[in-house]
Protein chains: 2
Amino acid sequence: MKCLVSLLWFAAALAAQPTPASSPAAAPSVISPEVHPDRTVTFRFYSPGAKEVLLTREWGPPVPMQRDGQNIWSLTTEPLEPDYYGYSFVADGVGLADPKNLETKTELLRLYSMVHVPGPASLPWESGSRPHGAVHHHFYSSPAVGDNRDYFVYTPPGYETLTGQRYPVLYLFHGAGEIAPAWTTQGRANFILDNLIAQGKAKPMIVVMPLGYGAPELAASGGATRDPAVRDRGRKGFREALFNEIIPQVEQNYRVLTDRRSRAIAGLSMGGTQSLYTGLNALDRFAWIGAFSAGLGTQDYAADFPKLDQSANRQIDLLWVACGTEDTLIAGNRQLREWLKSRGVRVTEIETPGIHSWMVFRRSLAAFAPLLFR
Amino acid sequence: MKCLVSLLWFAAALAAQPTPASSPAAAPSVISPEVHPDRTVTFRFYSPGAKEVLLTREWGPPVPMQRDGQNIWSLTTEPLEPDYYGYSFVADGVGLADPKNLETKTELLRLYSMVHVPGPASLPWESGSRPHGAVHHHFYSSPAVGDNRDYFVYTPPGYETLTGQRYPVLYLFHGAGEIAPAWTTQGRANFILDNLIAQGKAKPMIVVMPLGYGAPELAASGGATRDPAVRDRGRKGFREALFNEIIPQVEQNYRVLTDRRSRAIAGLSMGGTQSLYTGLNALDRFAWIGAFSAGLGTQDYAADFPKLDQSANRQIDLLWVACGTEDTLIAGNRQLREWLKSRGVRVTEIETPGIHSWMVFRRSLAAFAPLLFR
């Protein structure tokens, strides 16, 4: 007896794919990335024509890959700590996602692949089998910015059934060159919150992750501009979209607490700068502020935070400024912290090993979220 | 006066990216894809070493690209109808996503890029500025299949505020080689429903899009197997996960109507086969059944649908079987329809121009959804 589904899944699998070319240069079968039991990782890329192939790694500078007799370029790493790592190949100057790896980061400017070195279920970013919250994707037209944009909302496990409960909210921003899904793809924010909540380490909360650009030109360039007018419009548009569009929509459509002590604001890199600028200038709205590896350099903090002095300590439950010690932004972060202290503002100073990377950003969220709403 | 955010977005944008290699082979700046005003599209790919680069197109067989003096391989198409088109480059036998295009399809077996040839806002897949529904991503551990899996739920505009209203539900399945987000990325199902609802063409409805594999091995292979035991386990697992896990979760967590006349089931390719097999064998649960370019060949329909005869017409509000006339699966679809008619079962027979592609699948959804729940 032949069965319809049995027979035809395979036929459909073939039919659904574009026909492979009958290329004269048939490519050998390649596995990449291959994570070995000792946590070393082998990357492989077949390219008969390339003169040079580099591995661009989120965990260090680019390194050359070696070609074998079959024109397979490869590189095996040292043992890596369990984590998710971004990477790409650069073949004769062209950055390429690993064609054998379907896990990509969601970025705006270039395709990156991502490899998972698995670790114990206790690691906050592992997905595991514990109860999971949900991630909700919203789309709307923004008068503040003048474009169509989106944001993501994490609701914790049990949100659907505990209909009498209201939750505090963390507003969480991505970095330059990224887009709204960054925190739930490479950031794994939903799994991090699932795990912290399951372990009793963090209070159940809602996390809102908007697109981080306040002007259409910045959304196209990944945040980069040399035009001061665009910069100023972007800063204003970001704050207006947050205050007049996203927060009202969230507070209308989700069961959230709306007092300032139930609102936190944080972000990474560009998003950390935004959370500081937005949060410290709106203490009537936010009591918990986090900056993860914020994009800070040499600037006139007195101009950016004109009203900030020690009286803010009465309103701030937590001002948490974290940066990796190998991050080129560490100097700017230290400078901000010194300025805050010189103004009498209490700041939690966090320095951890690491560069400007998601390995640091994810750990920042995992360390920051448990402190909130206490 | 220097401003913190103004100055540092650009620095953060640079810092967030891995350092580009100081490669001896500096790649020229390339724009790809470039959609021209006459709706032709130019694809470009820089590769000094490749001996052959092909463009693999969702809208036809692979075609060779031409190299210029700068080692930029390019191809300009004929004018294309407004739509979204999948494509990739094949350089010396290696399939590659377009490194200059961040729009990718979500697939399981290979990276594909996607290019949008924009059309009038009246086209169902254009996103536009009309009210948008939301897309909800759920994660859970499945006893039926024995893995951790996910599904997506579309809620129509107004769902959050019209709290007294309950909605009918369409269960919608992806094809082989795809994953749960396929219908909301390349499928644009949420925008198609937004548009049909805004134009008064479709009833407001909820759409549930689960992962389509009923066994972990099939989830890893994209549905392909030659092991009959895996096939049977997959078929059983898919149905059990749908009936015992996904439908109960949806009916618990969303405001949905739960009678059979408020439940539709449809899918594309492998998913079309699943919707026929699952739906026609469970008319106590579903009154509306759609198969879009279903994976049908030569099989023993009497064995697959042992109880199906003309008495089913009393229960079936719509049995809609559509396929592209240039699809290699058209013969199997015609054969099924003839068999259904020979059994006295009423079937709506749809043949439209096109191959086995998302250009056809999206139009199938746009034609099917307006017929539901009438």
- Residues A:Pro48, A:Pro64: which one is within 11 Å of chain B (Cβ to nearest Cβ), surrounded by fewer than 20 Cβ atoms within 10 Å (Cβ to Cβ), modelled with pLDDT under 95 and farther than 30 Å from B:Thr278 by Cα? A:Pro48
- Have a look at A:Pro156, A:Pro181 and point out the one that is surrounded by fewer than 23 Cβ atoms within 10 Å (Cβ to Cβ) and modelled with pLDDT of 95 or more. A:Pro181
- If you check every pair at least six apart or on different chains, which have Cβ atoms under 9 Å apart with a residue in the stretch B:151-175 that is on the phi < 0 side of the Ramachandran plot first and a residue that is in a loop (DSSP other than H, G, I, E, B) and β-branched (Val, Ile, Thr) second? B:Arg166/B:Thr258; B:Val169/B:Thr258
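Quick grid of which residues meet (1) among the aromatic types (Phe, Trp, Tyr); (2) away from chain B (no Cβ under 14 Å):
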| position | (1), (2) |
| --- | --- |
| A:Tyr213 | yes, no |
| A:Gly234 | no, no |
| A:Val250 | no, no |
| A:Arg255 | no, no |
| A:Thr258 | no, yes |
| A:Gly267 | no, no |
| A:Tyr277 | yes, no |
| A:Leu280 | no, no |
| A:Gln299 | no, no |
- Write out, first by first residue and then by second, each pair whose Cβ atoms fall under 7 Å of each other, whose residues are 6+ apart or on separate chains, and whose first residue, in the stretch A:180-197, is farther than 26 Å from A:Tyr140 by Cα while the second is charged (D, E, K, R) and surrounded by 23 or more Cβ atoms within 10 Å (Cβ to Cβ). A:Ile192/A:Arg362
- Query: Does A:Gly93 satisfy being surrounded by fewer than 18 Cβ atoms within 10 Å (Cβ to Cβ) and among the small types (Gly, Ala, Ser)?
  - Reply: no
- Filtered residue count, the stretch B:78-96, keeping only those that are assigned to a strand (DSSP E or B), more than 19 Å from the chain's Cα centre (by Cα) and more than 7 Å from chain A (Cβ to nearest Cβ): 2
- Message: So, A:Asn195, is that one in contact with a helix residue (DSSP H, G or I) (Cβ under 9 Å, 6 or more places away or on another chain) and of a type in the set (S, T, N, Q) or not?
- Response: yes
- Flag if B:Thr104 is surrounded by fewer than 17 Cβ atoms within 10 Å (Cβ to Cβ) and out of contact with any Pro (no Cβ under 8 Å at 6 or more places or on another chain): no
- Query: Taking into account only those residues within the stretch B:110-129 that are assigned to a loop (DSSP other than H, G, I, E, B), among the hydrophobic types (A, V, I, L, M, F, W, C) and more than 7 Å from chain A (Cβ to nearest Cβ), which is surrounded by the fewest Cβ atoms within 10 Å (Cβ to Cβ)?
  - Reply: B:Ala121
- Does B:Ala215 satisfy being surrounded by 23 or more Cβ atoms within 10 Å (Cβ to Cβ) and either β-branched (Val, Ile, Thr) or under 20 Å from B:Arg149 (Cα atoms) (or both)? yes
- Just one of (1) among the polar types (S, T, N, Q); (2) at the interface with chain B (Cβ under 8 Å from one of its Cβ atoms); (3) under 30 Å from B:Asp92 (Cα atoms) trips up A:Gln70, so point out which. (2)
- Note on the structure: Expected single match for touching a Ser or Thr at 6+ places or on another chain (Cβ under 9 Å) and over 22 Å from A:His36 (Cβ atoms) among A:Gly86, A:Gly158, A:Gly95 is A:Gly95
- Query: When you look at A:Gly234, is it touching a residue at least 40 places away in the same chain (Cβ under 8 Å) and out of contact with any Pro (no Cβ under 6 Å at 6 or more places or on another chain), yes or no?
  - Reply: no
- Leading residue by the ranking (nearest to B:Gly324 (Cα to Cα)) among those in the stretch B:282-297 that are out of contact with any Phe, Trp or Tyr (no Cβ under 9 Å at 6 or more places or on another chain) and at the interface with chain A (Cβ under 7 Å from one of its Cβ atoms): B:Leu296
- Item | Test: residue in the stretch B:273-294 that is crowded, with 21+ Cβ neighbours inside 10 Å and farther than 22 Å from B:Phe243 by Cα | yes
- Identify, please: which residue in the stretch B:237-265 is outside any helix (DSSP H, G or I) and touching a residue at least 12 places away in the same chain (Cβ under 8 Å) and is, among those, surrounded by the most Cβ atoms within 10 Å (Cβ to Cβ)? B:Ala264
- Note on the structure: Note on the stretch B:90-120: residues under 16 Å from A:Val90 (Cα atoms) and either without any contact (Cβ under 8 Å) to a residue 24 or more places away in the chain or not polar (S, T, N, Q) (or both) are B:Ala91, B:Val94, B:Gly95, B:Leu96, B:Ala97, B:Asp98, B:Pro99, B:Lys100
- Task: Test A:Thr298 against the criterion of being modelled with pLDDT of 95 or more, of a type in the set (Ser, Thr, Tyr), in the same structural domain as A:Thr258 (by TED's automatic domain parsing) and farther than 25 Å from A:Leu257 by Cβ, and give yes or no.
- Result: no
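The values are calculated or read from the model by the stated rules, or taken from the named source; none is laboratory data. Small disclaimer: the values here were computed from a predicted structure and weren't measured. Neighbour counts are summed over all protein chains in view; Cβ atoms, including those assigned to glycine, are modelled from backbone coordinates with ideal geometry.
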